[in-house]
Amino acid sequence: MSDASSLYHARIAAGDLYHDDAQEAVMPEFDRIGSGLAAAPVKRGLFRKKAPPPPKGLYLWGGVGRGKSMLMDLFVDSLEGTPVRRVHFHAFMQEIHAAMHEARQCGVDDAIAPVAADVAASVRVLAFDEMQITDITDAMIVGRLFEALFAAGVVIVTTSNRVPDDLYKNGLNRQLFLPFIKLIKEQLVVWELVSPTDYRQNRLQGSPVYFTPIGPEAREKIHIVWEHLTGGPASELVLQVKGRDVIIPQFRNGVGRANFYDLCGKFLGPGDFLAIADAVKVLILEDVPRLSRSNFNEAKRFVTLIDALYEAKVRLICSAAAEPEMLYVEGDGAFEFERTASRLREMQAEDWGS
Ligand SMILES: Nc1ncnc2c1ncn2[C@@H]1O[C@H](COP(=O)(O)OP(=O)(O)OP(=O)(O)O)[C@@H](O)[C@H]1O
Ligand SMILES: [Mg+2]
């Protein structure tokens, strides 16, 4: 079994990664956790009392594209044989809410305890990507949930764009959330990744982000960009907007991927597009067709989507039937589309969003 540092150095040696002092500096933390886990195997029965305590986890935070998710993935890969679950924080919380709902249906009053016990029974390490708390229903349960997970010996490693003190900033009833921040600071090593380099931006620099026409060539090129940016298996990301599910079919490490009709062919409105723009740092949107009177509703949604992405400074990579200015040339709304076309152009600039 290799530790996370060795995997990191091997990837640098292979030319996959650039050496980065800030990344290098945090590797001993991952190695500490890895060896702590190896030294503290789960012991049952008679030996249980003698088992050393599990290592402290890690809260790795910093600016976008610094390599937090990539390092966490390396760490997860280094834990061969240890039951570990790497999951997007938002997806995890949705599962928790669903499990708590089910437990309550079965007459359980305090649903957090059994749900946390179930989680703890199946993993030793939880690796969360993108911890952020915006929802009051999450804010009100994470404290007790994490307390139960820590008490059960689960080691938590997480990435975030925010320092713990800024979690759920300006949230409703925030004072009830403060014990969670205290718990995080006590139970995890809080580490800021201060690299000056936004590698995601770097990876996009110099490579085209708008592919036309649609066809096997565009599909292949988009696929290469996706692999280059994510480098691992994707999963669906389900966002809850006003009690409804809004689905991004593929998601990993801040990058979402969808087909035009996945987002613009459904009954989605501005609130949904804002939620999508909020959830991704890069959106890959494939197969944007020519727009006209015949697909007016789809075109209108596309305009709203681009506005939301533009405001949120999300990088957009897309394949389309034509150049932006030629996508929508006739029919109601063609005039308004000029702004969208201009935004699509602007969003192609190398330094856009940085
Ligand atoms: N040292 C490096 N050399 C080359 N590429 C890197 C390096 N570090 C990270 N990358 C790449 O940069 C991209 C962004 O990295 P990653 O997704 O880990 O950033 P992040 O810190 O998690 O960003 P965010 O806060 O937006 O989630 C990924 O494609 C990743 O593989
Ligand atoms: Mg990330």
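Of the residues that sit in segment 15-24 and are open to solvent by 50 Å² or more (accessible area, probe 1.4 Å) and of a type outside the set (Asp, Glu), which one is farthest from ligand 1 (Cβ to nearest atom)? It would help to see each step written out before you state the result.
We begin by selecting, within segment 15-24, every residue open to solvent by 50 Å² or more (accessible area, probe 1.4 Å); these are 15-16, 18-19, 21, 24.
Still in the running and of a type outside the set (Asp, Glu): 15, 18-19.
Working: GLY15: 10, TYR18: 4, HIS19: 7 Å.
Selected residue: GLY15.
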Residue in segment 92-113 that is modelled with pLDDT under 95, closer than 24 Å to ARG315 by Cα and either more than 13 Å from ligand 2 (Cβ to nearest atom) or not acidic (Asp, Glu) (or both) present: no
Residue tally, condition more than 14 Å from ligand 1 (Cβ to nearest atom) and out of contact with any helix residue (DSSP H, G or I) (no Cβ under 7 Å at 6 or more places or on another chain), over segment 248-275: 12
Residue under evaluation PHE30, criteria (1) without any contact (Cβ under 8 Å) to a residue 24 or more places away in the chain; (2) within 16 Å of ligand 1 (Cβ to nearest atom), criterion not met: (1)
Residues satisfying the stated conditions in segment 168-184, i.e. under 22 Å from the mean Cα position of the chain (by Cα) and closer than 28 Å to PRO83 by Cα: PHE180, ILE181, ILE184
Leading residue by the ranking (nearest to LEU316 (Cα to Cα)) among those in segment 223-243 that are more than 16 Å from ligand 1 (Cβ to nearest atom) and either free of Cβ contacts under 8 Å to residues at least 24 places away in the same chain or outside the structural domain of LEU291 (by TED's automatic domain parsing) (or both): GLU236
Given (1) modelled with pLDDT of 95 or more; (2) more than 16 Å from ligand 1 (Cβ to nearest atom); (3) under 26 Å from VAL282 (Cα atoms), number of the condition PHE177 does not satisfy: (3)
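Identify, please: which residue in segment 77-96 is in a helix (DSSP H, G or I) and touching a residue at least 60 places away in the same chain (Cβ under 8 Å) and is, among those, most open to solvent (accessible area, probe 1.4 Å)? Reasoning before the result, please.
First, pick out the residues of segment 77-96 that are in a helix (DSSP H, G or I): 77-78, 89-96.
Adding the requirement that they be touching a residue at least 60 places away in the same chain (Cβ under 8 Å) leaves 77-78, 89-91, 94.
Working: ASP77: 101, SER78: 7, PHE89: 2, HIS90: 61, ALA91: 27, GLN94: 42 Å².
Applying the filter and picking the extreme gives ASP77.
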Residue within segment 55-78 that is modelled with pLDDT under 95, outside the structural domain of LEU204 (by TED's automatic domain parsing) and more than 28 Å from ALA279 (Cα to Cα) present: no
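When residues of segment 108-120 are filtered for being open to solvent by 60 Å² or more (accessible area, probe 1.4 Å) and either outside any helix (DSSP H, G or I) or without any contact (Cβ under 8 Å) to a residue 12 or more places away in the chain (or both), how many remain?
From segment 108-120, those open to solvent by 60 Å² or more (accessible area, probe 1.4 Å) are 109-110, 118; that's our starting set.
Narrowing further to those that are either outside any helix (DSSP H, G or I) or without any contact (Cβ under 8 Å) to a residue 12 or more places away in the chain (or both): 109-110.
Here the count works out to 2.
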Matching residues, segment 302-354, being at pLDDT 90 or above, β-branched (Val, Ile, Thr) and open to solvent by 10 Å² or more (accessible area, probe 1.4 Å): VAL303, THR304
Total residues in segment 170-228, condition outside any loop (DSSP other than H, G, I, E, B), out of contact with any Ser or Thr (no Cβ under 9 Å at 6 or more places or on another chain) and open to solvent by less than 90 Å² (accessible area, probe 1.4 Å): 18
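Just to be sure before I move on: is ALA299 open to solvent by less than 10 Å² (accessible area, probe 1.4 Å), without any contact (Cβ under 8 Å) to a residue 40 or more places away in the chain and either among the polar types (S, T, N, Q) or over 25 Å from PHE92 (Cα atoms) (or both) in the structure I sent? Give the steps one after another, and end with the answer.
Values: open to solvent by less than 10 Å² (accessible area, probe 1.4 Å): yes; without any contact (Cβ under 8 Å) to a residue 40 or more places away in the chain: yes; either among the polar types (S, T, N, Q) or over 25 Å from PHE92 (Cα atoms) (or both): yes.
Taking the combined requirement at face value, the residue satisfies it.
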Some residue of segment 267-278 being within 16 Å of ligand 2 (Cβ to nearest atom), open to solvent by 30 Å² or more (accessible area, probe 1.4 Å) and not β-branched (Val, Ile, Thr): yes
Filter result for PRO164 (away from ligand 2 (no atom under 15 Å from the Cβ) and surrounded by fewer than 17 Cβ atoms within 10 Å (Cβ to Cβ)): no
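Going by the structure shown, is GLN205 over 19 Å from the mean Cα position of the chain (by Cα), within 12 Å of ligand 1 (Cβ to nearest atom) and touching a residue at least 40 places away in the same chain (Cβ under 8 Å)?
Yes, satisfied.
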Lone unmet requirement of (1) in a loop (DSSP other than H, G, I, E, B); (2) open to solvent by less than 10 Å² (accessible area, probe 1.4 Å) for PRO233: (2)
Only one of ALA148, ALA127, ALA152 that is more than 22 Å from the chain's Cα centre (by Cα), buried (at least 17 other Cβ atoms within 10 Å of the Cβ) and modelled with pLDDT of 95 or more: ALA148
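The values are calculated or read from the model by the stated rules, or taken from the named source; none is laboratory data. Every value quoted in this text rests on a predicted model; they were computed, and no experiment measured them. All Cβ positions, even for glycine, are placed from backbone atoms using ideal geometry, and neighbour counts span all protein chains on display. The area values use the complete protein model at the heavy-atom level, side chains included, leaving out ligands, DNA and RNA. Shrake-Rupley method; radii C 1.70, N 1.55, O 1.52, S 1.80 Å.
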